[in-house]
Amino acid sequence: MIIEFVGVDVEAAGKSVAALTAGWGYQPAPTPTAETATGPDTRGVDPVAVTSLVVSIPSAMLAVADIADRILKRRRAGELIERARQLNAQQATVRLVREDRSVDLAALTPDQLLDLIADEPSAT
């Protein structure tokens, strides 16, 4: 963190803050001399950068929500597949029936099951 002091008694303000932060284990950086100072700070906020940040926030939130939803569905698919494998060991087969084919659930991974469900046209 950089703290800049501007005003009449800059030295007193710097000493006050240094005394406070010394108790925290922080040592102040040396004060730049006139030779190393580059002049007043002329940086500003780039409106294009701020706009792009604001525009990207909703898509980032949507991506996080999609990932969280996928994780939940993947866990449930894994439980369903594990149950299908247990039933398969008991001589019962659990199959996912689609319009074009049927698939043995015990032979799928959770991601494959989710992809098959996503590819299925919704029932109307």
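Structural remarks
- For the range 70-124: relative contact order, % (alpha-carbon pairs under 8 angstrom, 6 or more apart): 35
- Around Arg101: net Lys/Arg minus Asp/Glu count, Cβ-Cβ under 13 Å: -3
- Here r is the Cβ-Cβ distance between Ser59 and Leu114 and R0 is 22 Å; the resulting FRET efficiency, rounded to 0.05, is 0.50.
- Ordering of 91-101, 75-85, 111-121 by burial proxy (mean other Cβ atoms within 10 Å per residue, highest first): 75-85, 111-121, 91-101
- Net charge of Cβ neighbours under 13 Å - reference Lys73; Lys, Arg +1; Asp, Glu -1: -1
- Cα gyration tensor shape for the range 70-124, rounded if a/c is under 1.5, else prolate or oblate: oblate
- Close amide-amide hydrogen proximity is noted between Val94 and Leu105, Ala106, each under 5 Å apart and 5 or more residues distant or on a separate chain (H modeled in the peptide plane; Pro and chain starts excluded).
A short reminder: the numbers here are calculations on the coordinates, not readings from a lab. Just so it is clear, the model here is predicted, and its values are computed rather than measured. Note: ideal-geometry Cβ built from the backbone for every residue, glycine included; neighbour counts use all protein chains shown.
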